[in-house]
Amino acid sequence: MRTETRNLTGRFTLLSSRYSIYLILIVMVVVSSIISPVFFSASNFSNISRQISITTILAFGQTLLIICGLIDLSAGSVLALAGLLSVMFYKATGMFVPSIAVGIAVGSLCGFVNGWIVTRFATPAFIATLAMQTAARGAALMLTNGQNIYELDKFVAWGQGVVLGIPAPVIFLVLVALLTWYVLNHTRLGRYIYAIGGNQEAARASGIRVNRIKKWAFLLNGALVGLAGVLYMSRVNAGLPNAGIGFEFDAMTAAIIGGTSFSGGIGTAVGTLAGAFIMGFLGNIMNLLGIQSYLQQVIKGGIIVLAVAYDISSKTGRKKKNVAASQAKPVTAATNLPNP
Amino acid sequence: MGDTPILELRGIEKRFPGVIALREMSFAVRKGSVHVICGENGAGKSTLVKIVNGIYQPDAGEILVSGEKVHIDSPVTARRLKISMVSQELNYIPEITVAQSLFLGEEPRTRFGSIDWKKVYKDTKALLEREGLHYRADTKLKELSVSDLQMLEIMKAVSRESNIIIFDEPTSAITSKEVDILFKKIDELRAKGAGIIYISHRFDELFRIADDVSVIRDGTHVATRPASEIDIEAIIQMMVGRRLDHVYPPKPERAPGSTVIEVRELGDGERFHGINLHARKGEIVGLAGLMGAGRTEVVRAVFGLDPYTTGEIRVHGAPVKIREVQDAIRLKIAMLSEDRKRYGILPMRSILENTGLVTLKKIFGRGYRNVKAEKRLIESISSRMNVKAPDLNTPIGNLSGGNQQKVMLAKWMLCEPEILILDEPTRGIDVGAKYEIYKIIFELAAEGKTVVVISSELPELIAVCDRIYVMANGRISGELREQEFSQERIMRLATIGGDEN
C-alpha cells in the first residue's frame, strides 16, 4: 500500500518534469507567433532548423556521453580538424561521396583516442577531452599553416544542397536524431550507456564491460562530430582551421535544456532535440525583435541557469516528497516483531 | 551508586524509512565507570552512540547529561556538552597533518583572527610526547597506518577533557600493545570521573575494563548488569535472544546433490586467507561472521569483482578462472550485493531496465529490442518474485527496499543461474518482504540451485541454511552442520574464534 501511494506522487512529479520541456517549447512557439508575425512560417522554421542543425548534431553526441557520465570538450576542435581534412581530401581527389566518409572517419578516430585515454588511464573525460581540444585545434592549424581554404566547388552541396525542398543539413539532423533515439531505446549499447551513467559500480557488478561501452560512446560521438565538421565547412564554403570554437558548449546547452542530467543516467534524444529547438527559437525571436546580440548572450545564460535550477529542484522536490511519504506512514507492524 | 548518572537515556526511539532502529532505549552511565554495550550487528549500537554524539536526532525520548535534560542537535553541541566519540569508521582527511587534524574546527586564534599555527604545533608536540606516540606533528595523515590513525583518534577524544567518551569498536584496527595503552588511558579517564561508553565485539577485552554491561537487541535494551555478575555465556544468550518461528517459513526437507562449486585455499593476500568452501546442488550454505570478517570480500572475489591471488575455484569439479564478472555469469553464478544502493540499483531507471540489465542478450537477441518479448519476460519474473509496483516503468529508486531487493533477485534469476550468492539479502527490509525472500530462496534450492547466503542475522542463517561456515578475521573459523546449529556456537566461532590476531 505504502509503495503504491508513494509511487503515484512520484510518478506525477516525474510526468510533469518529463514533459515540461515540451510544454515550454509549445508556449514559446505560441508566444513568439503572437509577438512576431514573421515567426510562424515554413520558411522561418526551415531557416531555424538549418541554423541549429550543426550544433544539434553535436548535441546528440554530447547527450550520449553525458548520459554515460562522460563529456566531450574537444567537439569544436575535432569538428575543425575533421572538416578540414575532408575539404583537403575533396580538393585533392575531387571525390564527392568519399569526402564525407573521410570527415566521419577522422572524427571517429579522435573519438576513439578520447575513449582510449579515458578508459586506459582512468582519466576524467573532462581532462582527456580538454587535451584533445588543444591538440586537435593545433593539428588543424598545422595542416593549413593557419590559412583558410577557399573555392570548395561541388563540396558545398553537403551543407547547402536541398533535397525535396529540405536543406541537406536538416536531413542529416533528422537522420542523426533517429539514430540517437534508436541507439538509446532499442540497442544494448543504449541500455548499457544508461546503466553506466546511472550507477557505474552497479553496472560493473551486473557484468557490463564499462570501459568498452565508454569507448563506443566516444566513438559514436566522434563520428557525429566528424559529420558536423563536413557540414559546417561545406555550408560556409571554406576550410577554416579556426572553425567551431565553443560549439561543444552550445551542444551541451541543448542537451541540458533537453533534460539530460549531468549526474548521469538520464536523458533522451527527443529531449535534446526539443532543447536545441528551444535555444534556436529563442535566438530567432530575439533576432526578429531586434535585440542586440550581446544582450542575447546574457539572456541565453540566464535561460541555462533557469533550466538547470528547475531540473534540480524538480528532482530534489521529488526526493523530499518520497521521504515525507515514507515517514508520514508509521513503520509497518511487521517490523516491530523482534526477529531473533 | 546513588549519584546522578553522568549520562542517561530515557525511551529513545529512532526510525529510518522502513525500519525502527531503536525503541524505548533507556539506560544510564554512572560517573567514573566504563559501560560496555553488547549486541549483534544491526542491533542498533552505532545508531545509539550516534544519537548521543548528535549525528542523529532521536524521534522520541530524552537525553540527560548529569541530570539535566539536553538537546544534542549536532556533534558541535555534543562537544560543548563535553561528549566526544572515537568512531568505528575512520574518517580522515589524508592531506592534513597530525596537528591540523587534532585541532580541526577548534583552531586557536591569534590577535588578528588568523590561526595560531605556532600554538597548534607546540601543543600537538607536547601531546604526542606526553602520550609516547612516535609520529611528528607535521606528519600527514595519509602517511599513518590504520592503527596509528585509530590511536590518534583516541588521543584526540581523550585530550579534549570530555566528561563522556564513546568508543565505538576502538580496538578493531589496533595492535595488542596499543590496546594496553588504550586501556591505561581509559583507566585514567575513569579515575578522573568520566563516563565511558565502550562498544566491542571482543569478550576478552570487555571483561578487562567493563564496570557495567548493557545488552541491546533489535533496537531495544535487554538488560544492564554489573560486569562482576555476568559471564560470556549469559551475554551471548541475551544478545541472540529467544527464537521466534513465525518470522521464517518452515524449512523444507532437502537432499543436496553433488558438489557444484568449490573454493580451495582462496586468498587475496590481505583481507582473507586460505578459504576452503564448497556448496552442493540444491543446498543452502550460510556464511556467518561479524562485520569485517571477510565474508563479502570472499564472495566478491568468487564473483570476479575483486581479484584473488592464491587458491583456486572449481565449478562442477573443473578448475575455472574468474577474472571479471562476465566469467562468473558465464559459469552461471549470480550475486546479489550486500550494498544494494552502491552495487545494485540504477535508481533513476525503470524496473524494466533494471531487471533486464544482465540478460539484454535475450531481449536484444536479433540486434534490436523486442519490446513485447521484453515486457512479457520481465512481467513474468517480476510477478514470480512478487514485485509490488504501479508498473514496470516506475523508477526503481521509488520502490521500498524490499521491492528493490526483489527486483534485484529477479534480475539475476533471468540469467538462470546455478549458483546464487546472496550477500545480506534481507538487510534493511521489513519482515514481510523478508518472509517472501526466504520463500524464494527455498524455492530456488528446491529447483536444484546452489545458494550461498551471507548474513549477520544468526536466526536467519539458522532458519534458512543446511550448513554454515563461520568466518573470523579473514579465515574460516568453523563449519557447522544443521544438527549443530545454535546462535551461541556461531557467535563463539565468530568472536572467540577470532581472538588470536
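Numerical summary
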read-out	value
Nonlocal Lys pairs with alpha-carbon distance under 14 Å, the range B:353-411 (8 or more apart, or different chains)	6
Sites matching chymotrypsin sites (Phe, Trp or Tyr not before Pro) across the range B:67-165 that sit in DSSP coil, with at most 11 neighbouring C-beta atoms within 10 Å	B:Phe112
Sparse-neighbourhood loop sites, trypsin sites (Lys or Arg not before Pro) in the range B:128-191 - DSSP loop, at most 16 other Cβ within 10 angstrom	B:Arg136, B:Arg160
Cα-projected label distance for B:Asp204 with A:Lys91, points at 7 Å along beta-carbon direction, nm	8.2
Taking N as its residue count, the alpha carbon Rg of the range A:108-227 over 2.2 N^0.38 Å	1.33
Which of B:Leu287, B:Leu352, B:Asn370, positive extreme of dipole for the range B:282-419 (C-beta unit charges)	B:Asn370
For the range B:1-157: relative contact order, % (alpha-carbon pairs under 8 angstrom, 6 or more apart)	19
Partner lysines for A:Lys300 [C-alpha distance under 28 Å; skip if fewer than 8 residues away on the same chain]	A:Lys315
Cβ-defined net charge surrounding A:Leu184, 13 Å radius [Lys, Arg +1; Asp, Glu -1]	+3
When the convex hull of its Cα atoms is projected in every direction, mean area for the range B:353-411 (nm²)	3.7
For B:Thr296, net neighbour charge (Lys/Arg +1, Asp/Glu -1) across residues whose Cβ lies under 9 Å away	-3
Estimated distance in nm for a label pair at A:Val236 and A:Ile35, the labels positioned 7 Å out from Cα along Cα-to-Cβ	2.8
Span-like helix ranges in chain B, DSSP H, alpha carbon extent 15 angstrom or more, Kyte mean at least -1.0	B:146-159, B:176-191, B:371-384, B:401-413, B:431-446
Sites A:Ala131 and B:Phe16 - FRET efficiency at Förster radius 41 Å, r taken between beta-carbons, to 0.05	0.35
Rule-of-thumb Rg ratio for the range B:96-139 [Cα; 2.2 N^0.38 Å; N residues]	1.14
The range A:118-229, relative contact order in percent, only Cα pairs under 8 angstrom and at least six apart counted	15
Paired Rg and Dmax values of the range A:231-271, which use every Cα atom, in angstrom	14.0, 39
Cubic angstrom per residue, convex hull over Cα atoms of the range A:159-311	135
Distance from the range B:377-446 to the range B:20-39 (C-alpha centre basis), Å	36
Translational diffusion of the range A:38-311, µm² s⁻¹ [Kirkwood Rh, Cα pairs; Stokes-Einstein; 20 °C; 1.002 mPa s]	114
Loop sites in the range B:191-241: trypsin sites (Lys or Arg not before Pro), DSSP, at most 14 other Cβ within 10 Å	B:Lys192
Compactness index (Cα Rg / 2.2 N^0.38 Å), the protein assembly as shown	1.12
Counting DSSP beta bridges with both ends in chain B, the antiparallel % (nearest 5)	55
Top positive-direction residue, dipole computed over the range B:96-139 with Cβ charges, set B:Gly113, B:Gln100, B:Ala126	B:Gly113
Percentage, to the nearest whole number, of Cα pairs in chain B over 30 Å apart	55
Unit charges at the beta carbon, dipole of the range A:38-311: most positive-side option, A:Phe112, A:Gly222, A:Leu288	A:Phe112
5 angstrom amide H check on B:His278, placed H, neighbours 5+ away	B:Val263
Residue among A:Ala203, A:Ala168, A:Ala243 with the largest mean-square fluctuation in a Gaussian network model of chain A, springs linking Cα atoms under 10 Å	A:Ala203
Computed lengthening from A:Lys154 to A:Val308, 0.36 nm per intervening residue step minus Cα-Cα distance	51.2 nm
Normalised contact order of chain A, rounded percent, pairs of Cα under 8 Å and 6 or more residues apart	32
Those aspartates and glutamates that a straight Cα-Cα span of less than 15 Å connects to A:Lys215, excepting residues fewer than 8 apart in one chain	A:Asp72
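Values quoted throughout were computed directly from the atomic coordinates according to the rules given, and no laboratory measurement underlies them. Since we're looking at a predicted model, the values are computed, not measured. With ideal geometry, Cβ positions are generated from the backbone for all residues, glycine too; neighbour counts draw on all protein chains shown.
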